[in-house]
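The values are calculated or read from the model by the stated rules, or taken from the named source; none is laboratory data. In this text the structure is predicted, and so the values were computed from the model without any measurement. For neighbour counting, all protein chains shown are included, and Cβ atoms are generated from backbone atoms with ideal geometry for every residue, glycine included. For the accessible areas, the whole protein counts, side chains as well, though only heavy atoms, and no ligand, DNA or RNA atoms are used. Shrake-Rupley method; radii C 1.70, N 1.55, O 1.52, S 1.80 Å.
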Amino acid sequence: MSMPSLTAERLWSLLPALHRVRDAGRDELQELVALFAEQFAALEENSAQLYDDLFIETCADWVAPYIGDLIGYRTLHGGVPAVASPRADVANTIAYRRRKGTATMLEQMARDVTGWPAHAVEFFEQLATTQYMNHARLHAPATPDLRDTATLLRLGGAFNRIAHTAEMRRPDQAKGRFNIPNIGIFLWRIEALPLSNVALVADPGDASGRRWRVNPLGADMALYRLPVTEASIDVLAEPVNVPEPLGVRAMALSLRAAQSAATQVLNRTADWGEGKSVVLHDGAGAPLPINLPAPAPGDPLPPLLRIADLRDDPASPGNWAHEGDVGADEIGLDPERGRVLLGANRAAEHAATPFSVSLHHGQARRVGGGEYERVPDGETLLVQRSVGGGASWLPGLADIAAGGRLLIDDSRTTAETPTFTVDGVVAPGVEGHRVVVAARNGARPLLAAGADITLAIGARGTLVLDGIVISGATLRLAAAADTEPRTLILRDCTLVPGRTLMPDGAPSVPGALALEIAHPFARVIIEHSVLGAIRAHPDAEIEISDSAIDATDPTLAAYEGLAAGEPGAEATLRDCTLVGLVHARQLTLASNTIFLARLPEPAPPAWPAPLRAERRQQGCVRFSWLPAGAITPRRHRCVSDADDAALRPQFNSRRYGDAAYLQLASVTPAAIRKGADDEGEIGLMHALAQPQREANLRSASTNTCAWASPPATSTRPEPACPPTGD
């Protein structure tokens, strides 16, 4: 804000010299001039603000809605950073309209209001039509080039360039698209998350040392592209700009073109290399190139990396396809399955100095262990220890038993079975010890246990596990002779459902127990985590939020007491998805939660209902999906298939490890997809506000195109996995 021009000093200097000299020793005239200056300053400030109020960037907060009303702006839902401020959203709407409704504008608008990567398509560009000879569109041939493999691989997708005949149906997801007025907006709801410098895992059926997987859990896993930011807003997104699964053929084409280039540059492909979608490191940690050095100057560079289809060979059970096509000095990579095939010489090199891999995998929401930004434990603890490189945790855990933090520095796998110990406090009035075992931000360590893990939490002690993945074990908190409380906090953790994964991704032990709480005075807090089945003493207390409790099958027990037929601990559930039967002493609160449970046939006597709360006079279940026959306390605006058999949640995948794990499919009824207390979806993905994002897109289309009827849009938030459901 500029300084006022009519200050008291300026006004005093404008007075005749006679008055200034005569009143030099008196203050009355100067005080009067100061009052005039104060009012002039207020007038100047008001005039300046009136001018600023003409522009959305500088107007007062109360003016922004009025400017929005002048342009016919409709308020959007919050939750997406780009539209959290109405001022910014109104400014964006004005900027969008200045760009005349172009496809690049629609694409940017879709990204801004949904927070998802987007691609806009004008379908009239993909119509097979006759062309005016004086204005030939060589980029839009009516018939495809059958030799152009890269274009054929994109047929029917967001980046299709093959012409179609006109379709007269509405451009819904499963109906017509290609017509003159139709515009499609494709959205990617799966995020590509990193996994850095992890060790390769041997195929259990391989004795040659050649077959490996990149998933630390030893299962097949699709690799995803790390999207490259577009250089300008004036260009449409390309495949390299979106987080889609890497395909064998498409990646092989780009790699082959880079390997055959006249001037070879290290890792020149968009998807292979340090800081890109995937890269292998040698034993010294250096990224492997795509070609080997030339045998002699001027000779072509022999390939080091080969993209191959390494699926199971149906003609030779126990082997992978195309094993003979990978040379002794080559490395084969299957990005669709996360498999690596080492040539004979590379296998010997790996045995001497093991390779590591950095990759990106798909995930529908940042939940469970992962290399993403987490809220760190801000409490200052006196003892601090760190460990990394797959080294043992045991010395660090011993040092912090009386209070402290053990920080895991990387995403390596540690194969051991520790005991998490928190010393007890018996003196009255003394605060208990707090032990934190956490992964640093940007790390996802895996603890591969060989047996069950004991939680030795002493009296009034607190154990915090943060950002850790644990496989092959059940965490057990035993009962104690005293009546002092214990606290266990699981934050951003994964206790692998089914104990661990088979090579094909199936759980090794369906319904396996992940957490057992036998202490009656224990309090358990689970946040942003993925767990297998839970058993807990009826007198314990468990609070679960933004988490998945997955027994791997709706007919298996997901939550119960220590013995069959016994109710589990008092539970509070918010924004969760539970897969399996649930029996609790009391449901204090269940909000925005899906209970995906179904009684087996024949139903066992211990399970009269798929969901059962012993105390029905206390607690509340609100805005949740309940299976038919559920026995619960009072309900408020819940959805059940007992009312309508079609009201059942459908998931894109129910298998842990898939990119679309527990993501509701688009065929799920709207009563579930918009049945939460804020009209969002019920279940684990509630915090993503996906219905609100879609509503933002439709509303923003109207805001942006108020000068004409809004374009017909076809949003395609399609996952990589086929829909499944119960």
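I'd like to compare 92-100, 222-230: which one has the highest average count of other Cβ atoms within 10 Å, and what's the full order after that? Write down the numbers at each step before the final one.
Details: 92-100: 16.2, 222-230: 19.9.
In decreasing order of mean packing, 92-100, 222-230 become 222-230, 92-100.
What part of the accessible area of the chain, given as a whole %, is carbon or sulfur when the probe is 1.4 angstrom?
55
To the nearest 0.05, how large is the calculated FRET efficiency for Ala351 and Ala415 if R₀ is 25 Å and r is the Cβ-Cβ distance?
Details: r = 18 Å, r/R0 = 0.72.
Efficiency at R0 = 25 Å is approximately 0.90.
Rolling a 1.4 angstrom probe over the protein heavy atoms, how many square angstrom per residue are accessible across the chain?
Numbers: 32810 Å² over 726 residues.
Counting only protein heavy atoms, the per-residue value for the chain is 45 Å².
Students often check this: by mean Cβ neighbours within 10 Å, which of 32-43, 436-447, 560-571 ranks highest, and how do the rest follow? Walk me through the numbers before you get to the answer.
Values: 32-43: 13.8, 436-447: 21.9, 560-571: 19.7.
Packing order, densest peptide first, comes out as 436-447, 560-571, 32-43.
Within 10 Å, count the other beta carbons around each residue, average over each peptide in 643-652, 202-211, and list them highest first. Mind dumping the intermediate values first?
On the way: 643-652: 16.9, 202-211: 14.9.
Packing order, densest peptide first, comes out as 643-652, 202-211.
If you build the Cα gyration tensor of region 117-272 and take the root of 5 times each eigenvalue, what three semi-axes come out, in whole angstrom, biggest first?
Semi-axes from the Cα gyration tensor: 36, 20, 16 Å.
Determine the gain in length on full extension of the stretch Tyr132-Ile71; use 0.36 nm per residue of separation and subtract their C-alpha separation, reporting nm with one decimal.
Full-extension gain reported as 18.1 nm.
As I understand it, the dipole of the chain uses +1 on the Cβ of Lys and Arg and -1 on the Cβ of Asp and Glu, about the Cα centre. Which of Pro507, Ala250, Ile526 lies farthest toward its positive end?
Projecting each Cα onto the dipole axis, the largest value belongs to Ala250.
For the chain, what is the charge dipole size about the Cα centre, in debye to the nearest 20, if Lys and Arg each add +1 at the Cβ and Asp and Glu each add -1 at the Cβ?
1280
Along each of the three principal axes of the Cα atoms of region 557-671, give the extent in whole Å, ordering the values from largest to smallest.
Principal-axis extents of region 557-671 (Cα, largest first): 36, 28, 25 Å.
Over all distinct alpha-carbon pairs, what is the Kirkwood Rh of the chain in angstrom?
Roughly 29.5 Å, rounded to one decimal.
Can you compute the charge dipole magnitude of region 261-395 about its Cα centre, using +1 on each Lys and Arg Cβ and -1 on each Asp and Glu Cβ, nothing else charged? Give it in debye, rounded to the nearest 20.
360
Just going by the charge dipole of the chain, with Lys and Arg at +1 and Asp and Glu at -1 on Cβ, which of Tyr51, Ala642, Ala294 is farthest out on the positive end?
Working it through, the farthest residue towards the positive pole turns out to be Ala642.
Hey, if you put +1 on the Cβ of every Lys and Arg and -1 on every Asp and Glu Cβ in the chain, which of Ala37, Val430, Ala676 ends up farthest toward the positive end of that dipole?
Ala676
In nm, give the distance between the simple-model label positions of Thr102 and Arg635, each being 7 Å from the Cα along the Cα-to-Cβ direction.
Computed distance between label sites Thr102 and Arg635 equals 5.3 nm.
Which value in deg cm²/dmol, rounded to the nearest 500, describes the helix-derived mean residue ellipticity at 222 nm for the chain, given -39,500 (n - 2.57) per DSSP H run of n ≥ 4 and division by the residue count?
Mean residue ellipticity, 222 nm, calculated: -5000 deg cm²/dmol.
Where Lys and Arg each count +1 and Asp and Glu each count -1, what net charge lies around Asp148 among other residues with Cβ under 13 Å from its Cβ?
Cβ neighbours under 13 Å give a net charge of +3.
With +1 on each Lys and Arg Cβ and -1 on each Asp and Glu Cβ, how big is the dipole of region 168-261 about its Cα centre, in debye rounded to the nearest 20?
380
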